[in-house]
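Comments concern the structure below.
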Amino acid sequence: MRPLRVYLLALVLGAVLPLAALTAAQTMESAARQRAAVEAGLIDTSQALATSVEHELLRSVAGLQVLAASPRLASGDIAGFRAEARDAMAQLPWFNVWLADANGQQLMNLLAAPGAPLPAVADRPYFIEALRTGRPAVSDLVLGRVSGQQNVTVVVPRLKDGKVADV
């Protein structure tokens, strides 16, 4: 009787083990396909997000270049430039607009009342880069000194006689 139990057990195991192995293999293959599909979706999403961010940054640079060409700014009319900057901010998804001289001292900041003391930005890497290259620069995520909020800053230098007059 004992050998019959062994044969029956061997027969059952011989039938069940291959099915269990096949099921495990199919489950692992299915999981691998799902993981690959999720990875592809995440890559597509991150590329679309990067394109969108790049588009918004380029749009901000273009808007700031228009502001930098302001005749009011060129003539030193900071109050008039402030009004232009406020109008531009209403048109674009900007949080703030500020103006700093070539030494990095802010001359205007739309988040601060006119005449309020304003911080310097001379130590900010994006300001230093714009001053050094004479080209637009974009910051990493930084804490705004007037707003106290995290933001990405886009700066555009205004050139006068080939030198940066202000940012």
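The values are calculated or read from the model by the stated rules, or taken from the named source; none is laboratory data. Treat the numbers as computed from the prediction; the structure is a model and nothing was measured. Backbone-built Cβ (ideal geometry, glycine too); neighbour counts: all protein chains shown. The area values use the complete protein model at the heavy-atom level, side chains included, leaving out ligands, DNA and RNA. Shrake-Rupley method; radii C 1.70, N 1.55, O 1.52, S 1.80 Å.
Residues whose amide H lies under 5 Å from that of residue 100, counting only those 5 or more places away or on a different chain, are 107, 167; hydrogens are built 1.01 Å from N in the peptide plane. For the chain, with all protein chains in place and a probe radius of 1.4 Å, 62% of the accessible heavy-atom surface sits on carbon or sulfur.
Surface exposure of region 1-128, expressed per residue as accessible area with a 1.4 Å probe, stands at 68 Å². Once C-alpha pairs closer than 8 Å and six or more residues apart are averaged by separation and normalised to the residue number of region 1-110, the relative contact order reads 13 percent.
Assigning unit charges at the beta carbon (Lys, Arg +1; Asp, Glu -1) and nothing else, what dipole magnitude in debye, to the nearest 20, does the chain show about its Cα centre? Value, rounded to 20: 500 debye. Distance between the modelled labels on residue 6 and residue 120, one decimal in nanometres: 9.3 nm (7 Å Cα→Cβ projection).
Ranked by the mean number of other Cβ atoms within 10 Å per residue, highest first, peptides 65-76, 138-149 order as 65-76, 138-149. So if I take the centroid of the Cα atoms in region 68-104 and the same for region 23-64, what is the distance between those two points in Å? One Cα centre to the other: 37 Å. Could you tell me whether region 58-136 comes out rounded, prolate or oblate from its Cα gyration tensor? Rule is a ≥ b ≥ c as square roots of the eigenvalues, rounded for a/c under 1.5, then prolate if a/b exceeds b/c, otherwise oblate. Since a/c stays below 1.5, the shape of region 58-136 is classed as rounded. Charge tally around residue 65: other residues with Cβ under 12 Å, Lys/Arg +1 each, Asp/Glu -1 each, net +3. Between the entries (i) 1, 7, 14, 17, 17, 14, 12, 8, 5, 3, 1, 0, 0, 0, 0; (ii) 1, 7, 12, 15, 13, 8, 4, 4, 4, 3, 3, 3, 3, 3, 3, 3, 3, 2, 2, 1, 0, 0; (iii) 1, 8, 17, 21, 21, 18, 11, 3, 0, the label attached to P(r) over Cα pairs in 5 Å bins from 0, in percent calculated for this structure is (ii). Here region 54-132 is treated with +1 on each Lys and Arg Cβ and -1 on each Asp and Glu Cβ, and its dipole about the Cα centre works out to around 100 debye. With a Förster radius of 22 Å applied to the beta-carbon distance between residue 128 and residue 70, the computed FRET efficiency rounds to 0.40. In this rough spin-label picture, where each label sits 7 Å from Cα along the Cβ direction, the residue 140-residue 33 distance is 4.2 nm.
Please say if region 107-167 is rounded, prolate or oblate, where rounded means a/c under 1.5 for a ≥ b ≥ c the square roots of the C-alpha gyration tensor eigenvalues, and otherwise the choice is prolate for a/b larger than b/c and oblate otherwise? Oblate, because a/c is 1.5 or more while a/b does not exceed b/c.
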